[in-house]
Amino acid sequence: MLLRNAWYIGAWADELGDKPLSRRICGDPVVLFRDSSGRAAALADRCCHRAAPLHLGKLVEAGIQCGYHGLVFDATGRCIAIPGQKLIPQDAQVRSYPTVERDQLVWLWMGDPSLADPTKIVDFPYHSDPAHWRNKHAVYPIKGNYMLMVDNLMDLTHLGYLHARTVGGNPGAHVAADMKTTRTPTGLKFTRWMRNSLPPPSYVKAAGFQGRVDRCQEFEFVAPNTILQWTGAADAGTATDNPQHDFRFQFRLFHGLTPETETSCFYFWSAANGYRQNDPEATEQLYREIAPTFLEDKEMVEAQQRRLDEFGEQDLVDIASDANRMHMRRMVERLIVGEQSAVAAK
Amino acid sequence: MLLRNAWYIGAWADELGDKPLSRRICGDPVVLFRDSSGRAAALADRCCHRAAPLHLGKLVEAGIQCGYHGLVFDATGRCIAIPGQKLIPQDAQVRSYPTVERDQLVWLWMGDPSLADPTKIVDFPYHSDPAHWRNKHAVYPIKGNYMLMVDNLMDLTHLGYLHARTVGGNPGAHVAADMKTTRTPTGLKFTRWMRNSLPPPSYVKAAGFQGRVDRCQEFEFVAPNTILQWTGAADAGTATDNPQHDFRFQFRLFHGLTPETETSCFYFWSAANGYRQNDPEATEQLYREIAPTFLEDKEMVEAQQRRLDEFGEQDLVDIASDANRMHMRRMVERLIVGEQSAVAAK
Amino acid sequence: MLLRNAWYIGAWADELGDKPLSRRICGDPVVLFRDSSGRAAALADRCCHRAAPLHLGKLVEAGIQCGYHGLVFDATGRCIAIPGQKLIPQDAQVRSYPTVERDQLVWLWMGDPSLADPTKIVDFPYHSDPAHWRNKHAVYPIKGNYMLMVDNLMDLTHLGYLHARTVGGNPGAHVAADMKTTRTPTGLKFTRWMRNSLPPPSYVKAAGFQGRVDRCQEFEFVAPNTILQWTGAADAGTATDNPQHDFRFQFRLFHGLTPETETSCFYFWSAANGYRQNDPEATEQLYREIAPTFLEDKEMVEAQQRRLDEFGEQDLVDIASDANRMHMRRMVERLIVGEQSAVAAK
């Protein structure tokens, strides 16, 4: 069961160019494009004439033209031209999805349009502040339910095992991290301190640490699909109470998970460096360090999904490090139950 | 639902060589071959012993020999040899399909053999008249219901959009073509005139037109699966009432659609040039112009099928240019209903 | 329906190295590995925490460590370490399968562990006697029910057709072979004599025969999944009553079939030469002769399975050479019925 009354990322803003983009979201085939004013739009990717996918068509002044028989639809999904006839039937239209472009992301609302409130979209101004947070992004298709990726980010003990060869390093340090979780109205937030620990090689490369460091991470989960991560380090013993202000080495990761189907998703992520801001190579280096890690997550989550497809959750056992993950799941389940009840009450 | 009491093309005559040919038709796996007298035959592609596909076997004097344990079947499907035993059980046989070879095509009857009437096979003598209609052919497998390809050929407004980069060119001209449709006992026929229009580049290349042309096309649909096309052009203003006789530039296309399954088909097509008949390069050129167009149709129809698989026909809207297509569909549906009633009445 | 109370081959002993091996057996995903003492073990390939496949983990001193969050399982499937917590819940465990390593093979018991009796494992000492039976082995995945491969080996008339281009040669000789079958408590045994026959080219190459030979084969089927084959030849007229003792040219093949699913299996096979025992090239040559033959079987059986998937056994006709095959099938069916009754009686 997927939550439909939610803002999901449909695309990175720079994915919408001069060709329509096809992407399945919450099970619906969607075509994304910009109208001639540059505004992002999202329509059902199926012409109302003969079911041809609209993404095979082309962008025209008035909207998108079907590539089969030339019908044209505007950004609201209304058919505004049918070659060879003047009268356009009332029912010649395709579904449109509320669309908002913000901070380099194109967000779609897949549920009841009357409930689409843009103020509920997660804020991430760092995407729009290259002077301080130069960044680079990607989108990975993953053959696993999007919640498996959220699970993954809610339990960082996996770093020491799954990412042992990349950013993980010392499993003990991750497991023993000093962890503090706060519940928020829209999700939860947790902070992990690994004081006086050996910096991973990538930190040394990025910031030139000479000895041990105080390392801190903050993760904020915003239901149902976004995780905002801040990570920083300072020479051991120099950490302050306000590390996001004071740490000389820090970066931010944005993680947005969009369900494609019940068993697949898109992982939109970015890395923004808050150090060496004038050095494009710092951004590239950070991206290069992180990208392979997420491919390790993808591989694991896809393997996990295959087992879940076959056996479901039977006989699974929760462990101590599942606490945040389970809280997150309960929140999303509550949202789904709420959505279902609202539908049933209509 | 597929019509079974109909002649469908199983293969081009030249596809039947020294090896058996395997092809699924109307859902049935069929093996096609020639017996030692050169006569085309079609059997169920499954040995009655252990279900091995017969197409993995080889052609022998008496028919086809299973490649697993050596059973031999003649062109009627009767088992005539079982290695190691003299007595051949009565029930040792496989289904055979009535087969007729005509005009370079091998036609199969997939329904009740007692109804198989070869006089019902569409005539296309141009395949057998290389002096006047030099031709070249192909077969394209398409992952779409065969009717989607018939639809495609019944509504030529798609030329201006789907084939914009190839033969289409000017969409307005196609949409505004002067069109006349006649119903026939076995289908329908329509003629399209585009007078005083710009010839497509391929026409100019083929026939050296210097200016505008009168362009004419005739399409005959013969239910349920054949479309016979004649196309010609003459210098603008010189068109007569008998263009098939008088036009110096003309060609014929044969389109035969054979259901493989409910959602896939084989597209047998040929192109025959009625100009520069002594010049093999004219035929090659015509074929080269047309082949990519049909691959565009294939791509679109396959995409359409995927949407139909998922959503069916719900919310689709008919438009003016669908008239011939809809008449064609009604004819085929009437044939299917007739076939079903006959079966029920038995 | 697969028999579960049986020993099936999970792997060749040399497949278990420093990485876990993943293989589906009787429908169950299994991970095979050696514990730190070198003992082979087999567990359900799904961590009891979050369903991650264990084969993506790594081997550690105490057993196998999940690659996602680091849980460790010993060879009995008990979880013995959970990072970040001391108490290990009782139900933190995965299924283990009784495992026995013998004669280069790792055998698994997929059914009720209390019935797993290692004395029931087929003996094949030739794998462990390289001085007399130098050998080489392989495992082929086959997309067909394992019984189709047993069928194949129970009716050797197929050699003359399916293997005509490899070891088959003369179909008549195979069909007319002098054949004697004996039923055994665990299966059946048959001997085939082809006296005064032309040796296949591979025999000549291996043993330098100058003229005709007396050729003999013995096949023993041990239900439900093993076939032990001895093959030999001597110069025509010199055959004795004890060919396994006297023939100067002889080899043994081991055939073990393990169900992967109802419609796929693993074919574990080896070839051991009982001639030129000091010459490694003799073993290689024998292996090279046989390997392509088994790929022909694989191709045929996979094609057969596709037809059976679609049409089942309907309209199939038994022939004379099916006698051993049918006896074998009845034996296995009896075992399955017995297993089902025992389960029902519980």
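General remarks:
- Residue among A:Leu253, A:Leu32, A:Leu335 with the largest mean-square fluctuation in a Gaussian network model of chain A, springs linking Cα atoms under 10 Å: A:Leu335
- Net charge of neighbours whose Cβ lies under 10 Å from the Cβ of C:Gly111, counting Lys and Arg as +1 and Asp and Glu as -1: -1
- Accessible area (Å², per residue) of the stretch A:2-139, counting only protein heavy atoms and a probe of 1.4 Å: 41 Å²
- FRET efficiency, 1/(1 + (r/R0)^6) with R0 41 Å, evaluated for B:Arg183 and C:Glu333 via beta carbons: 0.10
- The rotation axis taking chain B to chain C passes closest to this chain B residue's Cβ, listed with the gap in Å: B:Asp309, 12.
- Shown for A:Pro185: label points 7 Å from Cα along the beta-carbon vector, and their distances to the equivalent points in the other copies, 7.9, 7.9 nm in ascending order.
- Near B:Ala173: Cβ cut-off under 13 Å, other residues only, Lys/Arg at +1 and Asp/Glu at -1. The net charge is +2.
- Axial C-alpha extent at least 27 Å, average Kyte-Doolittle at least 0.0 - helices from chain C (DSSP): none
- ³J(HN,Hα) computed for each position of the stretch B:224-230 - Karplus, 6.51 cos²θ - 1.76 cosθ + 1.60, integer Hz, glycine/proline x: x, 8, 10, 10, 10, 10, 10
- Rounded FRET efficiency, nearest 0.05, which uses the C-beta distance separating A:Gln340 from A:Glu310 and R0 of 41 Å: 0.95
- Pairwise burial B:A, computed as accessible area of each alone minus the pair, summed, 1.4 Å, Å²: 2400 Å²
- Each copy carries a label point for C:Asp91 at 7 Å from Cα toward Cβ; from one copy, the others' points are 5.1, 5.2 nm away, ordered from shortest.
- Magnitude of the charge dipole, the protein assembly as shown, Cβ model with Lys/Arg +1 and Asp/Glu -1, debye to 20: 80 debye
- Residue among A:Asp91, A:Asp112, A:Asp315 with the largest mean-square fluctuation in a Gaussian network model of chain A, springs linking Cα atoms under 10 Å: A:Asp315
- Amide H partners (placed H, <5 Å) of A:Ile80, local residues excluded: A:Val72, A:Phe73, A:Asp74
- For the protein assembly as shown, the Cα-based Rg and Dmax, in that order, read 35.5, 98 Å.
- Net charge of the neighbourhood of A:His132, taken over other residues with C-beta under 12 Å away and scored Lys/Arg +1, Asp/Glu -1, is +2.
- Furthest towards positive pole of dipole, B:Tyr68, B:Ala42, B:Ala13, structure part the stretch B:1-111, Cβ charges: B:Tyr68
- In the stretch C:1-149, Cα pairs under 8 Å separated by at least six residues give a relative contact order of 22 percent.
- Positive-end residue, the stretch B:35-174 charge dipole about Cα centroid, Cβ charges, pick of B:Gly57, B:Pro118, B:Gln104: B:Gly57
- Here's how it looks for C:Leu105: its modeled amide H is under 5 Å from those of C:Ala13, which are all 5 or more places away or on a different chain.
- Carbon plus sulfur fraction of accessible area for the stretch A:120-198, probe 1.4 Å, in percent: 55 percent
- Per-residue Karplus couplings for the stretch C:261-277, computed as 6.51 cos²θ - 1.76 cosθ + 1.60 with θ equal to phi - 60°, are listed in order as 9, 5, 10, 7, 7, 10, 10, 8, 9, 9, 10, 10, 8, x, 9, 6, 5 Hz, Gly and Pro entered as x.
- Counting only Cα atoms, the stretch A:276-346 measures 55, 34, 24 Å along its principal axes, largest extent leading.
- Counting only Cβ charges, +1 for Lys and Arg and -1 for Asp and Glu, the dipole size of the stretch B:167-227 around its Cα centre is about 80 debye.
- Accessible surface, per residue, of the stretch C:270-346 when the full set of protein chains is kept, probe 1.4 Å, Å²: 49 Å²
- For A:Val60, residues with placed amide H under 5 Å, excluding near neighbours: A:Gln65
- The stretch A:236-346, accessible surface, carbon-and-sulfur percent (1.4 angstrom probe): 52 percent
- Estimated from the Cβ-Cβ distance and a Förster radius of 30 angstrom, the FRET efficiency linking C:Met1 and C:Glu284 is about 0.15.
- Relative intensity, log₁₀ I(q)/I(0), of chain C from a Debye sum that treats every alpha carbon as a point, q = 0.08, 0.09, 0.10, 0.15 Å⁻¹: -0.44, -0.55, -0.67, -1.29
- Residues in the stretch C:44-61 carry Karplus couplings, in order, of 4, 8, 7, 5, 7, 8, 10, 6, 5, x, 5, 5, 7, x, 9, 7, 10, 3 Hz; the curve used is 6.51 cos²θ - 1.76 cosθ + 1.60 with θ = phi - 60°, and Gly or Pro positions show x.
- Mean Cα-pair separation over length for chain B, i.e. relative contact order, pairs under 8 Å, 6 or more apart, %: 17 percent
- Distance between modelled label sites at B:Glu61 and A:Asp117, nm, 7 Å Cα→Cβ extension: 8.8 nm
- Estimated from helices alone, the mean residue ellipticity of chain B at 222 nm is -7500 deg cm²/dmol (sum of -39500 (n - 2.57) over DSSP H runs with n ≥ 4, per residue).
- Copies compared at B:Gly312 - label distances in nm, ascending, label defined 7 Å from Cα in the Cβ direction: 2.8, 2.8
The values are calculated or read from the model by the stated rules, or taken from the named source; none is laboratory data. In this text the structure is predicted, and so the values were computed from the model without any measurement. Positions of Cβ are backbone-derived with ideal geometry, glycine not excepted, and every protein chain shown enters the neighbour counts. Heavy atoms of the whole protein, side chains included, go into the accessibility calculation; ligands, DNA and RNA do not. Shrake-Rupley method; radii C 1.70, N 1.55, O 1.52, S 1.80 Å.
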